[in-house]
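Worksheet for the structure shown next.
Every number in this text was worked out from the coordinates using simple rules, so none of it is lab data. A quick note: this is a predicted structure, and the numbers were derived from the prediction, not measured. Ideal geometry is used to build each Cβ from the backbone, glycine not excepted, and the neighbour counts take in all protein chains shown.
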Amino acid sequence: MKNSSSKILVLFMLAAALAVVIVACVGTASMATKHPVAVEKMPLCSACHNDWRAALSHTTDFATRHKFPAAQQKLACAMCHKDSFCADCHANKEELKPSDKYKDSPERAMPHRGDYISQHKIDGKINPASCFPCHGRQNNERCRVCHL
Amino acid sequence: MRIITRFASALLVLILPAASWAADLSGQSRTYLQYREATDSTKLLPLYEYLDFRAGDKSETFLFHFGGWYRYDLKDESFFGKDKSTGDLQYAYLRYRSAKNNAYANLGRFVVNQGVAAEHLDGAAAGTDLWGGFEISAYGGIPVETDLDSRSGDSLYGGRISQGLGGLYRIGLSYLHEKNDSIDFRKEEGLDLWFRPINSAELVGSMLYNASTSANALTSLYLTLGPFENLTLRTQYMAVSYKDYFTTTTLNTLSAFLLSTPSTTGPLDPNEKLALIGEEASLSFGKTNISVDYKKYDYDIAGSADYYGAKIAYTDAQYGSSGLALHRMDGETKDRQYSEYRLYVSRKIQKVDLTADALLVKYDVEINGVKSAYTVALAGGYALSPKIKVGADIEYAKNPYYDKDVRAFLKLVFNFDFASAAPAPPARKKGRN
């Protein structure tokens, strides 16, 4: 363990050193930490931007494809969303269904609405890969209540 | 591990004084009280407190992020056989962010989202933009996962490098290596892509290669064409190799299924391969959206399945929303078939919001002697002030597991924001790129 910790430490010290050099040499401005214009509804980013930011448009299918921009441009997500927004669904450990917390937002695509105990038996066989991102290695204590 | 702890302590000692001259604190407290019955008729009355906040200097160069929850069951009965109280530290990390190059460093518990990684981690991460459209990031520490054993000997590290050109493309390569009990647990390599050749066409995708099994585990592509006037077309493709994608699960059910060869003894066969193709056509008329969608699931072993349907939705940020959706799942066998109907209406009237939501699922084969499952929920909320909101909802359901299930939910949401009187440091230049 000590060896692996040392390797990790060396890796990060090298990364930090590289970062310092880059920051000193490149010098482009960082992305704003907050969106300069208040956004109060599902944003259509493509209305103002025609570069990579257009991909962040919260169209009706955004719940399905949000994993792609989240894996490439999380800094952009953080301009409007706090960590807790992601943690409501993507949790290490969670007992409340997201749809239970937000019954007042029925337009949001929240997983496991209604009686999902029955339905998961079918959906889990149709596409178990859809369970895996949230329950594969984390947040599966509730699964274990039955699946011992 | 001791080395990392010492390194973290030293770093905190160095940076905290720098951030101490100003402190802005903002966050949210959410208090929930839920009433429901478990499937064994145990009555549960859990009280939850979710707290998240961030504190730092006004320039947001140093920010401390915290999020976690705690639950206490007000009834004396057991909570799924677990303790009356429990909780989770979701994230707690110190973040440094440079005004240049999107450079950042995280230290503590946080989530890493980059390429193949979507991980909870106790450790450190850093990233920055480079020349020529390149970006680089790396992370390392101890994974936060469902406990199967001790965390001794567990480690996780990885990184991603990407290159992009303005509004045209970004392509990334990523790597992840995890050890459990000092033994290799996961070795994953990934490719991610964003490509927008013209304004009305966009392709995003990712590929996950399992280096431990030397096979492609997951390919996922998503193509958006449009809008053409009011019409947008979306195509989805996903290919999964079960034995390569589920290799490293900590969920007993997936690993148990996969170990159950031949396929007749378990719902899933480890040699199964799934190819999914989906298509959605969406028409937008102002605040109204109408769409039809179809998904085709093709399996190497199990046959095929179709999922199709339509929905109409109206959304107005000021007045509320409403929607109707009808979908059908046609699995290979009757026990994998159901029809799903949903209707919801939400209305905002000044400080009050009201919501009604109904969901009906009709199964082609009875489950526990029942073919229909429905849920009706009514919710109401009132904004006591711009920062405080109270809400309540009640849900009635009848399904294969509950003859008459009544659930109630109360919530209090408090947003807070405190700024110190300490003088702010010189303003930093911020820019958009």
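Structural remarks
- Förster radius 25 Å - calculated FRET efficiency between A:L75 and B:A419, Cβ distance, rounded to 0.05: 0.55
- Förster radius 51 Å - calculated FRET efficiency between B:K404 and B:L165, Cβ distance, rounded to 0.05: 0.30
- For the range A:90-148, the square roots a ≥ b ≥ c of the C-alpha gyration tensor eigenvalues yield an a/c of 1.5 or more together with a/b exceeding b/c, which makes the shape prolate.
- The helix-only estimate of mean residue ellipticity at 222 nm for the protein assembly as shown, built from DSSP H runs of length n ≥ 4 each weighted as -39500 (n - 2.57), is -4500 deg cm²/dmol after division by the residue total.
- Its alpha carbons considered, the range B:20-142 gives a radius of gyration followed by a Dmax of 19.4, 62 Å.
- Potential lengthening between B:L360 and B:A317 on full extension [0.36 nm per residue; Cα-Cα distance subtracted]: 12.8 nm
- Whole-number percent relative contact order across chain B, with pairs defined as alpha carbons under 8 Å at least 6 apart: 11
- Between B:I388 and B:T42, the FRET efficiency estimated from the beta carbon spacing at R0 = 41 angstrom works out to 0.80.
- Expressed per residue, the C-alpha convex hull volume of the range B:147-191 stands at 78 Å³.
- Rounded, prolate or oblate (a/c below 1.5 giving rounded, otherwise prolate when a/b exceeds b/c) for the range A:42-81 by Cα gyration tensor: rounded
- Extending 7 Å from Cα along the Cβ direction at B:D300 and again at A:L44 yields two label points whose distance is 4.4 nm.
- Prolate is the label for the range B:276-433, because the ratio a/c of its alpha-carbon gyration tensor axes (a ≥ b ≥ c) is 1.5 or higher and a/b is greater than b/c.
- Counting beta carbons within 10 Å around each of B:Y319, B:Y157, B:Y308 and listing the fewest first gives the order B:Y319, B:Y308, B:Y157.
- Across the range B:294-391, the mean sequence separation of Cα contacts (distance under 8 Å, 6 or more residues apart), normalised by length, yields a relative contact order of 18 percent.
- Rel. contact order, % - alpha carbon contacts under 8 angstrom, at least six apart, the range A:42-81: 29
- Fully extending the segment from B:N216 to B:Y308, taken as 0.36 nm per residue of separation minus the present Cα-Cα distance, adds 30.3 nm.
- Placing a pseudo-label 7 Å from each Cα along the Cα-to-Cβ vector at A:H58 and B:S150 gives an inter-label distance of 4.5 nm.
- Debye-formula intensities of the protein assembly as shown, expressed as log10 I(q)/I(0) at q = 0.07, 0.10, 0.11 Å⁻¹, are -0.43, -0.95, -1.19 (one equal scatterer per alpha-carbon, no solvent).
- The long axis of helix A:2-25 is offset from the longest Cα principal axis of chain A by roughly 60 degrees.
- Shielding value for B:208-218 is 0, the average number of Cβ atoms from other chains within 10 Å of each residue's Cβ.
- Sorted by Cβ density within 10 Å, fewest first, the residues B:D184, B:D364: B:D184, B:D364
- Once both labels are positioned 7 Å from their Cα atoms along Cα-to-Cβ, the gap between B:Y374 and B:K351 label points is 3.6 nm.
- Between B:Y70 and B:D181, the contour length at 0.36 nm per residue exceeds the Cα-Cα span by 37.0 nm.
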